[in-house]
Amino acid sequence: MQGRPIRALTVGQGPRKVVFIGGIHGDEAEGAIATAELPAAFESAGLGGIVTLTVIEDANPDGRVAGTRGNAHGVDINRNFPASNFDSSDGGKPLSEPETRVITDTVDRVAPNLVVVAHSWSGRQFINFDGPAREIADRFAAASGLPVEESRSFAPTPGSLGSYFGRDRGIPTLTVEVLKGSDPRTVWEQLRPALLQAVRG
Ligand SMILES: [Zn+2]
């Protein structure tokens with residue numbers, strides 16, 4: 001850690017709880033505008049009485065500044081969760097990183113009905129899900145135009161956020177993969193209806 005804060009914002013006071021994470025890989029900043037705009041759009045849509053939305057602006061601020069996938073220790077936060085599939089072959093330990101602990105503490109405190117995390121992917125875009133989120137992923141796909149991509153079609157993702165919260169703990173988790181290099185403003189316009197719908201549940 002280089003002392004940069006990880007900022008979280010909570011809006012609304014409804015019974016449904018949602019955690020949105022604006023970034024976890026520092027070189028995937030395409031969701032930044034969507035993250036910044038989501039709280040105001042949430043209020044405008046009148047969701048404050050239905051949902052409590054917690055937005056973690058960026059879980060990897062050091063990586064964002066450096067433009068690196070991992071954090072200042074060179075660790076991929078999205079492989080650092082204490083999931084049953086954690087891979088310790090590189091000598092790493094689950095929850096060794098402060099960023100991973102902030103996310104885990106936030107999710108433990110909020111006990112959300114849904115976790116959404118923003119990423120980007122080279123060459124294509126899609127929505128991925130873990131845990132009991134098939135239906136919400138299908139609706140997100142219909143509203144955004146991003147196809148649903150099954151987790152099993154990926155390379156293994158040991159210790160990922162989705163492995164831990166989604167598959168191990170049964171918290172519906174959406175991983176939004178927008179096209180790497182796309183304009184963050186365009187990303188927001190494309191995702192806005194789908195994000196608000198997913199937040200509303
Ligand atoms: Zn990513």
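For SER44, the shell of other residues with beta-carbons less than 12 Å away shows a net charge of -1, using +1 for Lys and Arg and -1 for Asp and Glu.
Each of GLY74, ILE33, THR52 was placed along the dipole of region 1-157 (beta-carbon charges, centred on the mean Cα), and the one lying farthest toward the positive end is THR52.
Please report the net charge: other residues with Cβ closer than 14 Å to the Cβ of ILE56, K and R +1, D and E -1. So the environment of ILE56 carries a net charge of +1.
The charge dipole of region 1-133, taken about its Cα centre with unit charges on the Cβ atoms of Lys, Arg (+1), Asp and Glu (-1) only, comes to about 240 debye.
Seen from ALA8, the other residues with C-beta closer than 12 Å to its C-beta sum to a net charge of -1, counting Lys and Arg as +1 and Asp and Glu as -1.
Tell me what the chain gives for mean residue ellipticity at 222 nm when only DSSP H runs of n ≥ 4 count, each as -39,500 (n - 2.57), the sum divided by the residue total, rounded to 500 deg cm²/dmol.
The helix contribution divided over the chain gives -9500 deg cm²/dmol.
Where a number appears in this text, it was derived from the coordinates with a stated rule and is not lab data. Because the structure is a prediction, the values reported are computed rather than measured. Backbone-built Cβ (ideal geometry, glycine too); neighbour counts: all protein chains shown.
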